[in-house]
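Following: one structure in C-alpha cells, then a few remarks.
Read the figures in this text as sums done on the coordinates, not as results from a lab. Because the structure is a prediction, the values reported are computed rather than measured. Here the Cβ positions follow ideal geometry from the backbone for every residue, glycine too, while neighbour counts run over all protein chains shown.
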Amino acid sequence: MELLARGARELGISLTAHQLAQFEGYYQELARWNQRMNLTAITHYPDVQVKHFLDSLTLCLAVPGGPSPGARVIDVGAGAGFPGLPLKLAFPDIDLTLAESTGKKAAFLRHVVETPGLSGVTVQTGRAEELGRLPDLRESFDLVVSRGLARLPTLLEYTLPFCRCGGLTVTFKHGDVQQEVASAANALATLGGRLAGVHPVRVSGLTDDRVVVAVAKVWPTPDRFPRRPGLPAKRHL
C-alpha cells in the first residue's frame, strides 16, 4: 500500500501499519468478490490504491484534518464502499452508515465490515429517496458523502435530506464542474444548501481533473423532499 500511504501523507494523513493492513484486506476481498459480481472496473492493485482508496481520502481537501471523532457520516450510493469505507479505515472514530440500493453490493459491504472486525459501521439497503425519509436517518448526519452517483442537481436531492443543519455534504467529481454547479442553484435554494467550496485535487497519481465539491446545510429540507423514487433523476430541481 505504498502508493496509498504516500498520497495520504500529501493530504496530511499518516496511516499506521495496522490501517494499511486493513486497506490490504479490503483490497483482497474486493478483488475476490469482483470475480463473481460487478463491483468495480478498477481492480489493478496500484489503481485501486490511488483511484479508489486515495481518491476517497481527498475529502480532506474540503474537511481539513478529516471528520471529527464521533462524527456521524453517511455514504449515499456506497457501491463497493467508496468513499465511506476508506474514510472509516483512515478515521476509525467516525460513526459510518453505508447506504446502497443494490442487495448484492450491500451484501459485499456487510461482509467487508465483518471481515476486519470494524465497529461503528451500519449498512442500510434501500434507495436514497426512501432512506432519506426515515426518522432515524433524516437530517441526522454531520457529513454526507457520495461519489459517482448523479449530476449535482439530482445528487443534492439524494443527499441533503440526510444532512443536519450545520453539517456538510461532499461529493467527488471530475472535470470542469462550473456549469454543473451553476445548474444546481435552484436545488441548493430549494433543499436548504449553500455552496461551501470547489476544491481541485492535486495529489500524486490523481491526474484526471478531479474536484471535491462541498455544500453546507443551512436550513431544513422541506418535508416533501426527496420526491418519490426515480423522480429526482427524471426531473431534477
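When the chain is treated as a Gaussian network with alpha carbon springs shorter than 10 Å, the biggest mean-square fluctuation among Gly79, Gly132, Gly197 belongs to Gly197.
Candidates Leu4, Gln35, Cys163 compared by Cα position along the dipole of the stretch 2-234: farthest toward the positive end lies Cys163, with charges placed on Cβ. At an R0 of 22 angstrom, the distance between the Cβ atoms of Leu195 and Ser68 translates into a FRET efficiency of 0.50. Take the alpha carbon gyration tensor of the stretch 100-237, find the square roots of its eigenvalues, order them as a ≥ b ≥ c, and report rounded if a/c is under 1.5; if not, report prolate when a/b exceeds b/c, else oblate. Oblate. The stretch between Arg224 and Ala185 holds 12.2 nm of extra length on full extension. This uses 0.36 nm per residue minus the Cα-Cα distance. Only beta bridges with both residues in the chain are counted; by DSSP, about 45 percent of them are antiparallel.
Using only side-chain charges placed at the Cβ, +1 for Lys and Arg and -1 for Asp and Glu, the dipole size of the stretch 1-105 relative to its Cα centre rounds to 220 debye. Rounded to the nearest Hz, the phi-derived 3J(HN,Hα) couplings of the stretch 92-97 under the Karplus curve 6.51 cos²θ - 1.76 cosθ + 1.60 (θ = phi - 60°) are x, 8, 7, 9, 9, 10, where x marks glycine and proline.
Each residue, Arg110 and Ala21, gets one label point 7 Å from its Cα in the Cβ direction; the gap between the two is 2.8 nm. Dipole magnitude for the stretch 2-234: about 500 debye, using +1 per Lys or Arg Cβ and -1 per Asp or Glu Cβ, origin at the Cα centre. From helices alone, the chain scores -8500 deg cm²/dmol at 222 nm; the rule is -39500 (n - 2.57) for each run of n ≥ 4 DSSP H residues, then divide by the residue total.
Taking the Kirkwood radius as Rh and the Cα radius of gyration as Rg, the stretch 1-87 has a ratio of Rg/Rh equal to 0.95. Using C-alpha pairs under 8 Å with a sequence gap of at least 6, the mean separation divided by the residue count of the chain gives a relative contact order of 18 percent. Comparing mean-square fluctuations of Glu157, Glu29, Glu100 from a GNM of the chain with C-alpha springs under 10 Å, the top value falls on Glu29. Under a Cβ-Cβ cut-off of 15 Å, what is the net charge of the residues other than Ser183 that fall near it, where Lys and Arg count +1 and Asp and Glu count -1? Its environment carries a net charge of 0. Which of Thr169, Thr40, Thr221 moves most in a GNM of the chain, Cα contacts under 10 Å? Per the Cα network of the chain with a 10 Å cutoff, Thr40 tops the list. Counting neighbouring beta carbons within 10 Å and listing from fewest to most, the residues His52, His174 come out as His174, His52.
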